Amino acid sequence: FEVLSGMSMQYFGTGEYPYKTILKKTDCESTAADLASIGYGTHAVHNNGGNFYSRVNAFSMMGFDTFTSKELMNIQSYTPNGSWATDDILVPETIKTLDSTPNQPDFTYTITVGTHGDYPKTPVIASPVYTVSGVDDEEKKNQWTYYINQLNEVDTFLNDLITELSKRDEDTIVVAFGDHLPTMGLEDSDMKSGDIFKTKYATWNNFGLPKQDADLTAYQLLAHITGQMGIHEGTMFTYTQTQADSSTYQNGLDNLQYDLLYG
């Protein structure tokens, strides 16, 4: 929600999920709506059920033209724990969204699922590509082995997606990030960053946009990316692009969010 809307969750109620609360009552400005206003086709793709986190409703309220969920995919393979569709299906499904609008630029938001738990405590991968060392607990070792090999599948998905995008004669930027850690009791002290709420993001583009590292909040990510591309649309994103260094930035963010959703 933060990434797509440019809004900060700290100004909502404790434990609130906007997808399940305010977006049931009102629409919401988002990257999708902002880019649609300048001619983009806007799409969401996710190899899980459309009603999970009320996404089918939320994405409509946030201005997406299309949402391709698991129900609309011809899924043939599942992860070794049997719980989730493998992420390879997301490559052709993402490309389909781009092909569906031959005369438009596109914004497609693709959500993977292959690294999700449950993480088996017994071996379920016959010949894992990667093995784990330094873990004394055999059950934990099996869980981590499963997770890192599924993470390798995400790497493969990203590589395959970028390979397909490279074949297209179309200026393209990919922004990849992780939205949460595996549910295995990790604490700040386990993290190289020292914080379980920090995540890396990575970008790829085919039109010469220079690499620009930045330490951002989730709600600033797409304001930063669109700003690099010379796109200045929407209340929240334009505000962050112009006011992020201001001493009144957070107060203004709070007021704008309230006005857009409740005012």
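LYS96: which aspartates and glutamates have alpha carbons under 14 Å from its alpha carbon, excluding same-chain residues fewer than 8 sequence positions away? Output for LYS96: ASP65, ASP88, ASP106, GLU164. Share of carbon and sulfur in the accessible area of the chain stands at 49%, probe radius 1.4 Å.
Per-residue Karplus couplings for the range 28-41, computed as 6.51 cos²θ - 1.76 cosθ + 1.60 with θ equal to phi - 60°, are listed in order as 8, 4, 7, 4, 4, 5, 5, 6, 4, 5, 10, x, 7, x Hz, Gly and Pro entered as x. Does the chain come out rounded, prolate or oblate, given a ≥ b ≥ c as the square roots of the eigenvalues of its C-alpha gyration tensor, rounded meaning a/c under 1.5 and, failing that, prolate meaning a/b above b/c? Judged from the Cα gyration tensor, the chain comes out prolate (a/c at least 1.5, a/b above b/c). Judged by the ratio a/c of the largest to the smallest principal axis of the C-alpha gyration tensor, the range 135-263 counts as oblate, that ratio being 1.5 or greater while a/b is no larger than b/c.
Note on LYS25: lysines with a C-alpha under 30 Å away, same-chain residues under 8 apart excluded, are LYS70.
Per residue, how large is the accessible surface of the range 108-263? Use a 1.4 angstrom probe and give square angstrom.
For the range 108-263, the per-residue accessible area is 62 Å².
Once the dipole of the chain is set up with Lys and Arg at +1 and Asp and Glu at -1 on Cβ about the Cα centre, which of ALA36, ILE196, ILE225 lies farthest towards its positive end? The listed residue farthest towards the positive side: ALA36. Quick one: grab the alpha carbon gyration tensor of the range 1-105, order the square roots of its eigenvalues as a ≥ b ≥ c, and give me rounded if a/c is under 1.5, else prolate or oblate depending on whether a/b is larger than b/c. Oblate shape, in that a/c is at least 1.5 and b/c is the bigger or equal ratio.
Suppose accessible area is computed on protein heavy atoms with a 1.4 Å probe; arrange PHE52, PHE1 from highest to lowest.
Numbers: PHE52 100, PHE1 40 Å².
The most accessible residue leads, giving PHE52, PHE1.
Could you pull out every one of the lysines with an alpha carbon less than 23 Å from that of LYS121, ignoring same-chain neighbours closer than 8 positions? Partners within reach: LYS140, LYS141.
If R₀ is 22 angstrom, what is the calculated FRET efficiency for the pair ASP179 and ASN81, using the beta carbon separation as r and rounding to 0.05?
0.65
The values are calculated or read from the model by the stated rules, or taken from the named source; none is laboratory data. Because the structure is a prediction, the values reported are computed rather than measured. Note: ideal-geometry Cβ built from the backbone for every residue, glycine included; neighbour counts use all protein chains shown. Just the protein is used for accessible areas: all its heavy atoms, side chains included, with ligands, DNA and RNA removed. Shrake-Rupley method; radii C 1.70, N 1.55, O 1.52, S 1.80 Å.
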